[in-house]
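Novice: Sharing a structure with you now.
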Amino acid sequence: MENIEIAAVLQEFGDLLEIKGSNPFRIRAYRNAVRTINDLTRSLASMVEDEEDLTELPGIGKEMANHIRELVEWGELTALEALGEQVPRSLTDLIRLDGVGPKKAKRLWEELEVTSIDELEEALEADQVAGLPGFGKKSAEKIGRSIQDFRKHQGRFLLSDVDVLIQPLLRHLEEDDRVERVEVAGSYRRRRETVGDIDLLVLCEEGQEQVMERFQAFPGAMRIEAAGGTKGRIVLRSGLPVDLRIIPRDSFGAALHYFSGSKEHNVAVRTLGVKKGLKINEYGVFSEGEGGGGGPEGEKIGGSEETDVFESVGLPWISPLLRENRGEIEAAKEGRLPGTLELRHIRGDLQMHSTWSDGANTLQEMVEVCRDRGYEYHSITDHSQAVTVAGGMKPPQVREQWEEVEKVRETVDGIHLFRSLEVDILKDGSLDMPDEILAGLDLVLVSVHSFMNMPMTEMTDRVIRALEHPEVDILAHPTGRILNRREPFAMDVDAVLSAAANLDVAVELNAHPSRLDLHDRHLRRAKELGVKVAISTDAHSAQDLDLMRYGVDQARRGWLEPGDVLNAMNLEDFQAWRNRRRQR
Ligand code: DGT
Ligand code: CA
Ligand code: CA
Ligand code: ZN
């Protein structure tokens, strides 16, 4: 357990005691312990491991030391479970709301039996809150507003939204001459599908105070959450929180590494450092001080460059997209980090829609834009009939579309257009097109758009049955997830990937930032099994074709290399792959 996790548990403990109305001295003991842990630069876990006396830390008594040891060793606290029997633990959610402290939470609970934010919202709607002693109309209104805020923040932000939301703030900071460099760290730099908050690092050695003021004065800020000399937090109007840290030059690389995370990766790197007698933190790399472990800091041996951190533990630089502690450190050590896939490796886009189904642009327009992007080939994959909401096509329309494809092929040079469709996988795993149409297509994509709540074994069988059809080339958006809106459907992805491997069918990595389906672990599994991955935008407009870069980032997070990607093949190889079914 990390220090912050331990602190969070003790914080919760203190909150519950306060809601319960316990002895103030006991409550204060928990508050003090949390403060001590937050200020600590050493890991409690390693102190426990080294059997150090925790009661020597300020504000840590015997009871607290026992708690910490229990948390480190067991990951949970029996005393907290017991306290939870007396005071509902969900009450601590309430005191995170602006305008609700422990006393008010206690009253809401005792008078109205409110134990959660949902219940509080109901009580507000029923106008039960304003009349409680100590509340009043204003207070009830304020609580209502903070619930709305809370809900806004609760959802994580799509990476593509964040890309847009932070631009004005970056410009605002870069316009200041005192700012030498601005970097966005955190999950954003690792290109995670969704981002909880933005971690900005600013290199600035003079006028730090003014730069911090400028940050807080950003016109797009809805409010300021924390303000310090070198560290501040604002919330943008969109609800996106932004942490800013002002860093001097000689620590910038170490801070960039630290705040890029992931936390798990950091812990692993720090542990490597410890083995080499080094201390690695957000300020730099330090040699062990006098007396070893935890003594006064030794000499600073690096920190201005991110590579200082990696070099100090004998590693090459590792791309932030791989820093999830899923084997990247071992791979780096052994020189087997994946080769970098880049946008320029992508030679075609294999899923997009036109006005023949639910796309915004005509087939001709889509072809021209793909050609202008420099693609060698692509396929237009309009929906099949079962997807009525998306204007799915019936067989006669498909044949009409083929005529148009012929015309466009004659008029647009320099790109090869494949006849294709996104064929719906019906409930029983059969395909939503007669075989003679399927046989006439150059490329057959299949995907699930209905009956997504099937039990796992049925869904797995359904999809595998679809893949067994001899005309199928690619399984599109394999798990059906829509970020922040729809969970992936229940399906044994491993079994589906194994079937795809056996059947020589490719799987899609849908590059649309609201899907990014498959996710990174499944991509790695596909690679392991030798299943080719098609990175496709699923564009519903010409503009959407730009979304390919999200797919490329996601593919890199899944350790894919150019050789793993179907549409990184040149036209000749791709044609050969397409013809594989004739050899079956
Ligand atoms: P997010 O914001 O939830 O999308 O994810 P991150 O990864 O951006 O996480 P965040 O903003 O809480 O922290 C930024 C980075 O700071 C994180 O990736 C690693 C580093 N960091 C934060 N807390 C700790 C910690 O307790 N220990 C270590 N080793 N690193 C931490
Ligand atoms: Ca973050
Ligand atoms: Ca943060
Ligand atoms: Zn689809």
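Novice: Between residue 442 and residue 167, what is the FRET efficiency for a Förster distance of 30 Å, r being their Cβ-Cβ separation, to the nearest 0.05? Please list the in-between numbers first.
Specialist: Values: r = 40 Å, r/R0 = 1.33.
For R0 = 30 Å, the calculated efficiency reads 0.15.
Novice: Rg and Dmax in Å for the stretch 504-546, alpha carbons only: what are they?
Specialist: 11.4, 34
Novice: Let me ask something additional. Order these by the 10 Å Cβ neighbour count, fewest first: 422, 342, 572, 471. Display every interim value, and only then the final one.
Specialist: Details: 422 29, 342 12, 572 9, 471 17.
In order of increasing Cβ crowding within 10 Å: 572, 342, 471, 422.
Novice: Turning to a different aspect of this structure: Using a 7 Å offset from the Cα along the Cα-to-Cβ direction at both residue 137 and residue 580, what is the distance between the two label points in nm, to one decimal?
Specialist: With each label point 7 Å from Cα toward Cβ, the separation is 7.1 nm.
Novice: Counting other Cβ atoms within 10 Å, keep those with at most 14, restrict to DSSP loop, and tell me which trypsin sites (Lys or Arg not before Pro) in the stretch 315-389 are left.
Specialist: Working: sites: 323, 326, 333, 336, 344, 347, 371, 373; in loops: 323, 326, 336, 347, 373.
Those satisfying the criteria are 336.
Novice: At what distance in angstrom do the alpha carbon centres of the stretch 11-66 and the stretch 157-178 lie from each other?
Specialist: 38
Novice: Regarding the stretch 142-245, what are the three Cα extents along the principal axes, ordered largest first, in Å?
Specialist: Sorted largest first, the three principal extents are 41, 33, 18 Å.
Novice: Can you list the trypsin sites (Lys or Arg not before Pro) in the stretch 231-320 that are in a DSSP coil and have 16 or fewer other beta carbons within 10 angstrom? The partial results should precede the final answer.
Specialist: Numbers: sites: 231, 233, 237, 245, 249, 263, 270, 275, 276, 279, 300; in loops: 237, 276.
Answer in residue order: 237, 276.
Novice: What full-extension length gain, to one decimal in nm, is calculated for residue 484 and residue 543 as 0.36 nm per residue of separation minus the Cα-Cα distance?
Specialist: 19.0 nm
Novice: Still on this model: Taking only DSSP H segments of four or more residues, each worth -39500 (n - 2.57), what value at 222 nm results for the chain once the sum is divided by all its residues, to the nearest 500 deg cm²/dmol?
Specialist: Estimated from H runs of four or more residues: -13000 deg cm²/dmol.
Novice: Packing-wise, with mean Cβ within 10 Å as the measure, how do 379-388, 519-528 rank, highest first? Display every interim value, and only then the final one.
Specialist: Values: 379-388: 22.6, 519-528: 19.8.
Result, highest mean Cβ count within 10 Å first: 379-388, 519-528.
Novice: Something else: Of 106/137; 62/276; 427/532; 62/231; 20/62; 407/527, which pairs sit farther than 28 Å apart, going by alpha carbon to alpha carbon?
Specialist: Details: 106/137 19 Å; 62/276 33 Å; 427/532 26 Å; 62/231 33 Å; 20/62 22 Å; 407/527 38 Å.
Beyond 28 Å: 62/276; 62/231; 407/527.
Novice: In debye to the nearest 20, how big a dipole does the chain give about its Cα centre with +1 on each Lys and Arg Cβ and -1 on each Asp and Glu Cβ?
Specialist: Values: 74 positive and 105 negative charges, 112 e Å.
Dipole size: approximately 540 debye.
Novice: What nm value, rounded to one decimal, do you get for the distance between residue 66 and residue 495 when each label is placed 7 Å out toward the C-beta?
Specialist: Here the modelled spin labels are 4.9 nm apart.
Novice: Using Cα centres only, tell me the gap between the stretch 226-295 and the stretch 538-555 in whole Å.
Specialist: Spelled out, the Cα-based centre of one part sits 33 Å from the other.
Novice: Separate question: Can you tell me what share of the DSSP beta bridges in the chain is antiparallel? A percent to the nearest 5 is fine. If you can, show how the numbers build up before the last one.
Specialist: Working: 25 of 54 bridges.
Taking every DSSP beta bridge within the chain, about 45 percent pair in antiparallel fashion.
Novice: Using R₀ = 25 Å, calculate the FRET efficiency as 1/(1 + (r/R₀)^6) where r is the Cβ-Cβ separation of residue 79 and residue 222; round to 0.05. Intermediate values should be presented prior to the final figure.
Specialist: Numbers: r = 39 Å, r/R0 = 1.55.
About 0.05, to the nearest 0.05.
Novice: Just order 442-452, 176-186, 551-561 by mean Cβ neighbour count inside 10 Å, highest at the front, would you? Intermediate values should be presented prior to the final figure.
Specialist: Values: 442-452: 20.6, 176-186: 16.7, 551-561: 24.3.
The most tightly packed comes first, giving 551-561, 442-452, 176-186.
Novice: For residue 275, which lysines qualify as cross-link partners when the Cα separation must be under 16 Å and same-chain residues fewer than eight apart are set aside?
Specialist: Output for residue 275: 333.
Novice: Treating each Cα of the chain as an identical point scatterer and ignoring solvent, apply the Debye formula and state log10 I(q)/I(0) at q = 0.05, 0.07, 0.08, 0.12 Å⁻¹.
Specialist: At q = 0.05, 0.07, 0.08, 0.12 Å⁻¹ the computed log10 ratios are -0.29, -0.56, -0.72, -1.27.
Novice: Relative contact order of the chain, please, whole-number percent, based on alpha carbon pairs below 8 angstrom and at least 6 residues apart. Intermediate results must be reported in sequence, preceding the final value.
Specialist: Numbers: 1038 pairs, mean separation 48.3, N = 584.
It comes to 8 percent, rounded to a whole number.
Novice: To the nearest 0.05, what FRET efficiency results for residue 41 and residue 122 with a Förster distance of 51 Å applied to their C-beta separation?
Specialist: Values: r = 44 Å, r/R0 = 0.87.
Once rounded, the FRET efficiency stands at 0.70.
Read the figures in this text as sums done on the coordinates, not as results from a lab. Being a predicted model, the structure only gives us computed values, none of them experimental. Backbone-built Cβ (ideal geometry, glycine too); neighbour counts: all protein chains shown.
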